[in-house]
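See structure below.
The values are calculated or read from the model by the stated rules, or taken from the named source; none is laboratory data. Everything quoted here is computed from the prediction, not taken from an experiment. All Cβ positions, even for glycine, are placed from backbone atoms using ideal geometry, and neighbour counts span all protein chains on display.
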Amino acid sequence: MLQKPFFFALAALLMTACASAPPEPEALPEQRSPEDVKLTLNLPEEADNCICQAPDENDRTFLERGMETLADGEYIEAVQYFQRYQRLEQLPLAQWEGDLAIAYVSMLPSSPFYDVDAALRAYTDLQSREPEGHKHHSIVIMQQALESFVLMERHIWDLESRTGMLQEDLDKREQALKRLRELTLGQPED
């Protein structure tokens with residue numbers, strides 16, 4: 001007897017399941033255009049006078065490795081890093097930065113590339129073709145050091161020139177004193 005009510009309940013359940021109509025597909029929501037959607041972001045307002053700079057486009061990894069290597073006193077390896085930086089980055093600023101770093105290495109007395117005249121010529125050339133853009137902070141310091149180097153070399157050249165002129169004047173005066181002594185004393189100096 002217990003089976004009959006269970007059987008009837010099961011049969012009734014199955015009949016209602018079969019008798020009910022299949023569910024209707026849900027209506028798709030209306031498609032909206034991107035112009036209809038408005039997003040509200042919680043960002044600070046930009047000032048009208050804000051000048052945003054684009055991020056640096058060149059990868060300065062080799063430039064920075066060269067700086068680290070230069071700080072360790074490895075001049076040849078540092079120059080190689082600067083040259084790699086120039087080969088990989090084609091922007092005028094990157095080329096200029098690499099040239100300036102190499103010119104800096106040539107002004108260091110302990111460097112195997114030490115050449116005062118070459119450093120002076122390179123820096124003079126670099127000044128005339130300095131590109132626009134944000135320079136790496138190490139390059140700015142190198143540029144200032146090269147400027148000081150050029151200024152000191154000019155002062156040294158001026159001092160050597162003045163020393164030469166003073167030496168010529170001293171020699172002329174000594175010759176004049178020698179002749180004067182000969183004329184007044186009547187005897188040649190030993």
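Residue check: Gln90 meets all listed conditions (1) without any contact (Cβ under 8 Å) to a residue 12 or more places away in the chain; (2) closer than 15 Å to Met142 by Cα but one, namely (2).
Go through (1) buried (at least 16 other Cβ atoms within 10 Å of the Cβ); (2) touching a helix residue (DSSP H, G or I) at 6+ places or on another chain (Cβ under 7 Å) one by one and return the number of the condition Ala118 breaks. Ala118 satisfies all of (1) buried (at least 16 other Cβ atoms within 10 Å of the Cβ); (2) touching a helix residue (DSSP H, G or I) at 6+ places or on another chain (Cβ under 7 Å) except (1). Of all residues in segment 118-135, those that are under 22 Å from Leu108 (Cβ atoms) and in a loop (DSSP other than H, G, I, E, B) total 2.
Checking each residue of segment 136-144 against the condition of being farther than 30 Å from Trp157 by Cα, surrounded by fewer than 16 Cβ atoms within 10 Å (Cβ to Cβ) and not aromatic (Phe, Trp, Tyr) gives at least one match. For segment 90-136, a residue qualifies if it is of a type outside the set (A, V, I, L, M) and in contact with a Phe, Trp or Tyr (Cβ under 8 Å, 6 or more places away or on another chain), and the qualifying residues are Glu97, Gly98, Ser106, Ser110, Ser111, Pro112, Phe113, Tyr123, Arg129, Glu130, Pro131. Residues in segment 84-104: is at least one buried (at least 20 other Cβ atoms within 10 Å of the Cβ) and over 19 Å from Asp59 (Cβ atoms)? Yes, the conditions are met somewhere in segment 84-104. Counting only residues that are among the β-branched types (Val, Ile, Thr) and over 30 Å from Ala94 (Cα atoms), which one in segment 128-165 is modelled with the lowest pLDDT? Here the answer is Ile156.
Return yes or no: is Arg179 charged (D, E, K, R), within 18 Å of Phe62 (Cα to Cα) and surrounded by fewer than 16 Cβ atoms within 10 Å (Cβ to Cβ)?
No.
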